[in-house]
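Written below as structure tokens is the structure these notes are about.
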Amino acid sequence: MAWKSAFTITGRRAIPLAVALIVLGGFSAAAAAGATTNAPLRTLSELVAKLSSQATQPHLRQAALGVKIVALDSGRVIFEHEPFALRKPASNNKLFTGALALDRFGSDFRIRTSVFAAGLPDADGVVAGDVVIYGRGDFSMAARFNDGDYSKALVPMLDAFAKAGVKRITGALIGDDSFFRTPPYGSSWTTDDLQYYYGAGVSALTLQDNVIDLVAKAGANVGDPLVLTLKPETSFLSFSNRAVTVAKGGKSAVELYRPLGQNIVYVHGSLPVGTSTSDAATLSNPALFFVTQLKAALAARGITVDQAPRSMGSLDRDVAPLNPNWKEIAFMMSKPMGELVKGMMKPSQNLYAQLLLLQAGRRRLREDSPLLTTENLGGQDLRAFLAGVGIKSTDIHLEEGSGLSRTALVTPDAVVALLRHMATHPQSKAFIDALPVGGVDGTLRSRFKGTAAERNLTAKTGSLSYVASLSGYVTTAGKERVAFSLLLNNYSSWPGKPSGREIIDGMAVTLAEYAGKLE
């Protein structure tokens with residue numbers, strides 16, 4: 001490690017090496033986790049010295065840490081450590097996607113899902129032939145947007161059918177997700193990601209996050225198969241239950257495996273008597289899942305559909321375009337964009353982030369760009385937006401919207417530039433409100449408890465193997481606002497060594513505790 005990394009430019013001077021060495025010698029895992037063991041820092045040199053010690057501690061010798069911290073009101077650089085080096089952002093990627101969505105659409109924008117048919121219902125409420133459910137990327141038909149109630153996700157769509165006077169459909173429900181021309185996953189998502197809820201399939205017609213939540217409960221007796229409860233209830237996925245009940249104190253581990261392209265889930269493992277666990281299974285062909293669930297929900301409302309549901313995508317529509325003479329007989333609108341971005345940011349939902357990037361990409365579709373995927377177009381739009389912010393194209397390499405990609409790269413300097421821009425953007429309130437709050441909600445609900453950052457820091461988290469990131473805003477004890485980006489890569493922890501999360505959280509707490517002036 002070059003010792004010049006311990007010199008931190010504050011805009012006026014560098015902290016002497018001797019000061020950094022003294023502070024470095026007092027490092028502990030507790031300090032990395034944000035524990036307060038010293039008197040409050042009251043001078044800028046003390047703040048910079050502590051941040052320098054945290055950024056250059058021995059535990060980080062094999063890691064790659066990038067840091068940039070800026071006083072939000074003055075724009076003064078308070079501390080930086082390799083701010084122009086590219087780092088994997090993990091879900092800090094979502095900061096860029098959320099900002100793009102709010103900039104391009106505004107917080108009040110809603111996404112329309114249309115119901116098309118060859119003709120209107122007749123006097124008896126009968127629609128002759130097929131009915132197409134044409135999705136445009138609304139992901140708010142989910143329990144998480146309805147206080148956890150799975151039964152409410154399709155209610156607006158059911159109400160739209162009832163309002164249109166539909167009582168019977170003689171054909172089939174066709175789930176049409178051709179609005180986006182893209183693979184059902186983001187660029188550089190790995191195959192094992194697609195097994196888990198965070199790698200759920202991407203579709204313009206999305207329901208319940210394109211997963212089935214599963215509760216597995218031990219049986220009454222040792223040797224009994226586990227009892228599986230699906231949320232929502234569905235026959236779309238089938239389950240091969242090979243998991244068993246074991247005696248109290250036995251192994252508690254349940255694993256799900258779904259072969260790619262199939263809709264059968266194999267359940268393995270065991271649970272001790274009296275215990276339960278939960279998980280989520282992804283599914284193949286989300287558009288078909290949507291209309292399968294919709295048909296069942298319509299039937300419960302007394303609206304019958306004669307034929308089995310089908311689905312169509314952009315490749316199908318290339319050879320069989322939707323008839324332009326068909327009529328929109330019903331429609332429903334999504335939650336407003338501000339709520340959609342919040343629903344993406346707070347829990348760090350990868351599917352939502354990818355759909356927002358695709359939404360931006362779709363608006364750039366032109367006749368001269370039919371061979372580009374919607375994801376490619378979304379990337380173009382993101383780069384155009386960031387160029388307007390003043391972020392160099394060499395400082396950001398993002399191929400998809402979520403940060404699940406292991407090839408994504410950004411610099412801390414670019415992240416802070418985005419944060420500063422969004423702090424004064426017309427959509428700044430929606431952007432900041434969408435971020436998790438320390439110790440309160442989202443992916444920060446259990447972090448920063450009992451520290452100066454609790455109910456103060458608002459930031460986006462990020463986590464991948466050997467990656468921990470945190471970027472956002474915090475107000476110091478001296479009542480000054482700070483924008484910061486902490487991107488830690490190539491870090492592995494073990495017992496007795498602080499985790500990557502503890503290290504970056506410790507730096508954030510240092511900022512929140514600072515009682516002096518930033519000038």
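The values are calculated or read from the model by the stated rules, or taken from the named source; none is laboratory data. Everything numeric here is computed off the predicted structure, so don't read it as measured data. We place every Cβ from the backbone using ideal geometry, glycine too, and count neighbours over all the protein chains shown.
Tell me the residue from S284, S270 that is polar (S, T, N, Q), crowded, with 16+ Cβ neighbours inside 10 Å and out of contact with any strand residue (DSSP E or B) (no Cβ under 9 Å at 6 or more places or on another chain), please. Please lay out each step first, then the result.
Numbers: S270 fails: out of contact with any strand residue (DSSP E or B) (no Cβ under 9 Å at 6 or more places or on another chain).
Within the list S284, S270, the selection yields S284.
On the basis of being assigned to a strand (DSSP E or B) and touching a Gly at 6+ places or on another chain (Cβ under 9 Å), does T182 make the cut?
Values: assigned to a strand (DSSP E or B): no; touching a Gly at 6+ places or on another chain (Cβ under 9 Å): yes.
Spelling it out, it is not the case that T182 is assigned to a strand (DSSP E or B) and touching a Gly at 6+ places or on another chain (Cβ under 9 Å).
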Can you pull out every residue in segment 210-233 that is surrounded by 16 or more Cβ atoms within 10 Å (Cβ to Cβ) and polar (S, T, N, Q)?
N210
How many of the residues making up segment 185-209 are in a loop (DSSP other than H, G, I, E, B) and either surrounded by 24 or more Cβ atoms within 10 Å (Cβ to Cβ) or among the charged types (D, E, K, R) (or both)?
7
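Which residues, counting only those in segment 49-67, are more than 30 Å from G199 (Cβ to Cβ) and in contact with a helix residue (DSSP H, G or I) (Cβ under 9 Å, 6 or more places away or on another chain)? Write out each step before concluding.
Taking segment 49-67 as the starting set, the residues that turn out to be more than 30 Å from G199 (Cβ to Cβ) are 49-59, 61.
A49, K50, L51, S52, S53, Q54, A55, T56, Q57, P58, H59 - these are the residues of segment 49-67 that are more than 30 Å from G199 (Cβ to Cβ) and in contact with a helix residue (DSSP H, G or I) (Cβ under 9 Å, 6 or more places away or on another chain).
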Taking N325, is it of a type in the set (S, T, N, Q), out of contact with any Gly (no Cβ under 9 Å at 6 or more places or on another chain) and more than 30 Å from V440 (Cα to Cα)?
yes
Could you say whether any residue in segment 223-237 is touching a helix residue (DSSP H, G or I) at 6+ places or on another chain (Cβ under 8 Å), of a type in the set (K, R) and over 24 Å from D316 (Cβ atoms)?
yes
S114 vs. criteria polar (S, T, N, Q) and either within 25 Å of T443 (Cα to Cα) or at pLDDT below 95 (or both)
no
Sort through G129, G125, G98 and tell me the only one that's in the same structural domain as K327 (by TED's automatic domain parsing), at pLDDT 95 or above and out of contact with any Ser or Thr (no Cβ under 9 Å at 6 or more places or on another chain).
G125
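Yes/no matrix, rows are residues, columns are (1) crowded, with 18+ Cβ neighbours inside 10 Å; (2) more than 18 Å from the chain's Cα centre (by Cα); (3) assigned to a loop (DSSP other than H, G, I, E, B):
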position	(1), (2), (3)
A308	no, yes, yes
N325	no, yes, yes
K342	yes, no, no
S348	yes, no, yes
L355	yes, no, no
A360	yes, no, no
R364	no, yes, yes
Matching residues in segment 36-59 (in contact (Cβ under 8 Å) with a residue 60 or more places away in the chain, aliphatic (A, V, I, L, M) and within 22 Å of V416 (Cα to Cα)) number 4
Residue pairs within 7 Å by beta carbon, gap of at least six or interchain, first lying in segment 494-508 and in contact (Cβ under 8 Å) with a residue 12 or more places away in the chain, second among the hydroxyl-bearing types (S, T, Y), listed first then second, are S499/S493; G500/Y491; G500/S493
Just one of G175, G165 is assigned to a strand (DSSP E or B) and within 26 Å of A308 (Cβ to Cβ); which is it?
G175
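For segment 34-41, check the following and say yes or no: at least one residue is modelled with pLDDT of 95 or more and buried (at least 17 other Cβ atoms within 10 Å of the Cβ). Steps first, answer last, please.
Step one: filter segment 34-41 for residues modelled with pLDDT of 95 or more, giving none.
No.
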